[in-house]
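Right, one structure below, let's go through it.
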Amino acid sequence: METKVVRLGEGNKDEEVLREAGEILKAGGLVAFPTETVYGLGGDALNPSSSKKIYAAKGRPSDNPLIVHLYRTEDLFQVAREVPERALRLAEAFWPGPLTMILPKSDLVPKETTGGLDTVAVRLPSHPAARKMIEYAGGFVAAPSANLSGRPSPTTAKYVVEDMNGRIEMILDDGEVGIGLESTIVDLTVSPPQILRPGFITGEMLTEVLGQVENDATLFSTGSGQAPRAPGMKYRHYAPKGDLTIVQGDKDQVVAFVNQKVLKARAEGKRTGVIAASDTAFRYEGDVIKTIGDRRDEEVIARRLYTILREFDDEEVDLMFSESFGDESGEHGGLGQAIMNRLLKAAGHQVIKV
Ligand code: AMP
Ligand code: MG
């Protein structure tokens, strides 16, 4: 299949392009599009054959449900069988924006879209082009992240092209996304509501609106013995091709430990990489050193993380070490929880404490 790649924001053609994207979606085709979190791979959420095509294009297991994207809040009543008052309060506070809610699904949404579940994940993105496209598509666009299954979510159209060229009808290129990590997912079918995936909308922000919110027990550890409740969280995800280990501890000791490992690996003919904050990056010996930013600036770290993981793949690094960023324990909250959750998943939960 020939994939049409169109750059947004050039001249006055966006309206026309978004209309065309909407038509492709209505006809059962797939379009990758920018959102404020990461690039999404869209199909008509109400068309079972579109959802099947999404799974095929990504190589994604079909029990891993998709998020249904809306362009206006009132459509929540179309896709959810029940809309609890707390869902409306969350929508009021955080929509349009990077928050996904899990609700009981209505009959309108096919099981192909929800991976066979009776619940549906719903979000209203704030990205203006995304919303326009969803409106032109008829209002309901199922979209997971626009990467091949197992690869880091794309934060720029270049990576979407890398993974999806030839597999889908169209890619809308709007440069780099703003947030860089996927939406927060909160399950409203349980009491108290549970965070199934941390993101830019933090536990503290949700607690302010809902009173009480819990973290799913599997977010920061693999040792809980429980299966993750967001099916997608059980798959190896955001994974670079090489082997990644997170090293935690006193700064000087982390540098010394990593450098010793790097020199040993180099002696064995391996290519090494390090992810470090700007204050320590210059002290590492690795072949490829990635400076992720000031360790206090979590928004920058969040935006850079997936790009760095992809760059390591491009540079064919075999062995990688990362400093720890954000919230190591998952107890401090903030955007740091989302960063650490993704970093742990990318590292397959390999952590060394020095
Ligand atoms: P992605 O769009 O690639 O970020 O993946 C969507 C995420 O939402 C996956 O981790 C899914 O498992 C999760 N998800 C979607 N629908 C549901 C649902 N009904 N219940 C729980 N998790 C869901
Ligand atoms: Mg994804």
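Structure above, values below:
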{"item": "³J(HN,Hα), Karplus 6.51/-1.76/1.60, whole Hz, each residue of region 106-114, x for Gly, Pro", "result": "8, 5, 5, 8, x, 4, 4, 6, 9"}
{"item": "Full-stretch length increase - Thr245, Lys353 - with 0.36 nm per residue and alpha-carbon distance subtracted", "result": "37.8 nm"}
{"item": "Cα-only radius of gyration and Dmax that characterise region 36-149, units Å", "result": "12.9, 37"}
{"item": "Alpha carbon centroid spacing (whole Å) that separates region 56-95 from region 1-23", "result": "25"}
{"item": "Calculated [θ] (222 nm, deg cm²/dmol) that DSSP helices of n ≥ 4 give over the chain, each run adding -39,500 (n - 2.57)", "result": "-9500 deg cm²/dmol"}
{"item": "Proportion of all alpha-carbon pairs of the chain beyond 33 Å (%)", "result": "27"}
{"item": "Simple Cβ-charge dipole of region 277-354, Lys/Arg +1 and Asp/Glu -1, about Cα centre, in debye nearest 20", "result": "260"}
{"item": "All-pairs Cα distance distribution in region 110-227, expressed in whole percent, bin size 10 Å", "result": "11, 33, 38, 16, 2"}
{"item": "Degrees, to the nearest 10: 298-314 long Cα axis against longest axis of the chain", "result": "80"}
{"item": "Fraction of accessible area attributable to carbon and sulfur, the chain (%, probe 1.4 Å)", "result": "47"}
{"item": "Partner aspartates and glutamates for Lys251 [C-alpha distance under 16 Å; skip if fewer than 8 residues away on the same chain]", "result": "Asp279, Glu285, Asp294, Glu323, Asp327, Glu328"}
{"item": "Degrees separating the helix 14-26 axis from the principal Cα axis of the chain, which is the longest one", "result": "80"}
{"item": "Segments 136-148, 7-19 sorted - mean Cβ within 10 Å per residue, highest first", "result": "136-148, 7-19"}
{"item": "Helix 85-94 vs. the chain, principal-axis angle (Cα, 0 to 90°, nearest 10)", "result": "60"}
{"item": "Debye equation applied to the C-alpha atoms of region 255-354, log10 I(q)/I(0) at 0.16, 0.24 Å⁻¹", "result": "-0.66, -1.41"}
{"item": "Amide proton proximity set for Ser322, modelled H, under 5 Å, gap of 5+", "result": "Thr245, Ile246, Val247, Ile275"}
{"item": "Entries of Lys4/Lys105; Lys4/Lys241; Lys241/Lys290; Lys261/Lys353; Lys58/Lys241 with Cα pairs more than 24 Å apart", "result": "Lys4/Lys105; Lys4/Lys241"}
{"item": "Cα-centre dipole for the chain with unit charges at Cβ (Lys and Arg positive, Asp and Glu negative), debye to 20", "result": "780"}
{"item": "Accessible area (Å², per residue) of the chain, counting only protein heavy atoms and a probe of 1.4 Å", "result": "40"}
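The values are calculated or read from the model by the stated rules, or taken from the named source; none is laboratory data. Predicted, not measured: the structure shown is a model, and the values here were computed from it. All Cβ positions, even for glycine, are placed from backbone atoms using ideal geometry, and neighbour counts span all protein chains on display. The protein model used for the area step is the full one, side chains on, heavy atoms only, and it has no ligands, DNA or RNA in it. Shrake-Rupley method; radii C 1.70, N 1.55, O 1.52, S 1.80 Å.
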